[in-house]
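Worksheet: the structure to be examined is printed underneath.
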């Protein structure tokens with residue numbers, strides 16, 4: 001490599017996806033589940049999605065050049081595809097290779113169409129022992145081609161053998177439920193799954209069936225927010241749970257004595273879950289109105305019920321938002337607009353290292369900003385400025 | 001898959017190594033995360049929250065390679081790495097023909113400079129720090145060839 005290489009302007013710096021102003025071009029991995037391909041189209045992973053803002057317009061030729069490869073490999077494929085079940089949702093492929101090649105092959109598979117590749121701990125195997133990698137592919141992937149290309153990219157001297165099985169979409173909620181245990185937030189306050197007896201019948205128990213929504217009380221951020229509410233609520237407050245998830249924070253606020261708890265979320269699963277959990281806790285829907293809002297730029301979707309939400313701006317005594325750094329940064333105006341002057345705003349879902357950035361962003365809206373932390377996660381609180 | 005593991009008492013016995021590609025900020029309780037983590041009884045929601053928080057600095061939906069170590073006690077650790085090599089190559093090939101003649105210019109070549117730049121990004125990954133730039137470049141070239149991309153010295 002010559003010195004001039006170092007000196008040259010790196011085109012690739014534009015490609016590094018760190019908050020660049022270029023449009024997001026991206027991996028169709030998360031969209032393959034909703035599109036279907038005709039048999040002649042190239043492997044989905046190598047066909048970038050159509051993006052109206054894309055500056056890389058030559059993708060079709062790229063796809064063509066890859067397709068040539070794909071087509072020739074396809075005709076020599078030996079996978080006796082028994083994939084006749086059109087209702088299948090993804091492919092689980094068991095691939096056998098030598099232990100010494102396992103790590104490289106797993107990495108390579110991810111570059112050639114696999115969504116994931118996993119294997120049991122290999123420490124008891126010898127280098128030449130045959131081991132199994134399980135790899136998940138979208139239902140329309142050309143598995144044989146992907147495996148062949150992955151193998152050749154790591155210069156494997158043999159062709160790994162493999163079996164494909166078709167897996168249906170599962171009730172993922174059941175996977176979530178498996179790990180959910182009763183959690184004590186503080187003396188006298190527990191969050192309990194609906195299928196378990198509360199360990200302490202005397203304390204305030206928030207009963208939850210979260211489904212696919214976030215918020216079981218176990219995560220440090222949920223705990224930090226629950227502790228904040230516990231400190232703040234004296235009785236009669238109006239609370240806004242911005243990004244309600246399972247509704248755990250809104251429900252907790254009501255149980256602690258708040259008069260009204262409004263929840264909003266961009267995820268329909270969250271709104272459904274929160275509604276269900278409110279009823280599990282015998283909460284009248286009028287005390288916990290819930291809104292499904294549009295995710296874009298914090299503006300609520302133009303629909304009658306959401307106008308009702310927007311009319312509540314400036315009404316709340318406490319706002320709690322346990323989401324993620326980016327939405328907290330982008331939606332600062334919106335979040336704060338719902339609070340009365342002098343209201344308390346709590347923000348979480350951030351790592352401790354992200355707190356300074358958030359503090360800077362909110363310093364124009366909030367006074368008396370302080371931080372609480374737990375296990376590397378943080379919760380920022382402040383008081384909305386009077387004007 | 002017959003894997004009989006001896007009962008070795010180690011500080012934290014490893015159950016499995018899981019590799020996933022997940023869009024930055026987009027981990028959800030569904031594929032590709034759920035089938036893999038569910039298999040080893042790992043806390044799906046905790047992973048999603050953690051992964052999403054740690055990938056806030058990437059452009060949304062950039063495919064991020066994650067390597068998880070699942071322990072036998074159902075706990076886990078994970079490392080977030082840069083996107084897969086194929087993603088960088090795809091972009092490199094795209095930019096190569098940004099000459100404004102879409103569909104007319106072949107995009108099946110990339111330059112050594114691209115390879116080197118990709119290798120530099122990859123070398124920053126926690127798991128490849130110990131590899132030489134040369135070794136990483138070789139892997140990238142092999143991947144490029146497998147994708148039907150020709151690597152030329154200069155363009």
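Values quoted throughout were computed directly from the atomic coordinates according to the rules given, and no laboratory measurement underlies them. What you see is a predicted model; the values in this text were computed from it and never measured. A quick note on method: Cβ atoms are made from the backbone with ideal geometry, for glycine too, and the neighbour counts reach across all protein chains shown.
Extending 7 Å from the Cα toward the beta-carbon at both residue A:234 and residue A:129 defines two label points whose distance is 6.6 nm.
For segment A:179-384, DSSP calls about 45 percent of its internal beta bridges antiparallel.
With 5 Å bins beginning at zero, the pair-distance distribution over Cα atoms of segment A:179-384 amounts to 1, 8, 17, 22, 22, 16, 9, 4, 1, 0 %.
Computed from label points 7 Å out along Cα-Cβ, the spacing between residue B:69 and residue B:41 is 2.1 nm. Let a ≥ b ≥ c be the square roots of the eigenvalues of the Cα gyration tensor of segment A:189-278; is it rounded (a/c under 1.5), or, if not, prolate (a/b larger than b/c) or oblate? It comes out oblate by the Cα gyration axes.
Taking other Cβ atoms within 10 Å as a rough exposure proxy, A:96, A:361, A:142, B:28 sort from fewest to most as A:96, A:361, B:28, A:142. Pairwise inverse Cα distances across segment A:159-217, averaged and inverted, put the Kirkwood hydrodynamic radius at 13.7 Å. As a rough footprinting exposure proxy, the listed residues A:251, A:207, A:147 were ranked by other beta carbons within 10 Å of their own, and the order from fewest upward is A:207, A:251, A:147. According to the square roots a ≥ b ≥ c of the eigenvalues of the Cα gyration tensor, what is the shape class of segment A:127-186, taking rounded for a/c under 1.5, prolate for a/b larger than b/c otherwise, and oblate for the remainder? Because a/c hits 1.5 or more and a/b exceeds b/c, segment A:127-186 counts as prolate. Divided by 2.2 N^0.38 Å, where N counts the residues, the Cα radius of gyration of segment A:217-259 comes to 1.05.
Label-to-label distance for residue A:312 and residue A:155 is 6.3 nm, based on points extended 7 Å past Cα in the beta-carbon direction. For segment A:233-294 and segment A:311-355, compute the distance between their C-alpha centroids and round to whole Å. For segment A:233-294 versus segment A:311-355, the Cα centre distance is 16 Å. Each residue in B:151, A:192 was given a count of other beta-carbon atoms within 10 angstrom of its own, and listing them fewest first yields B:151, A:192.
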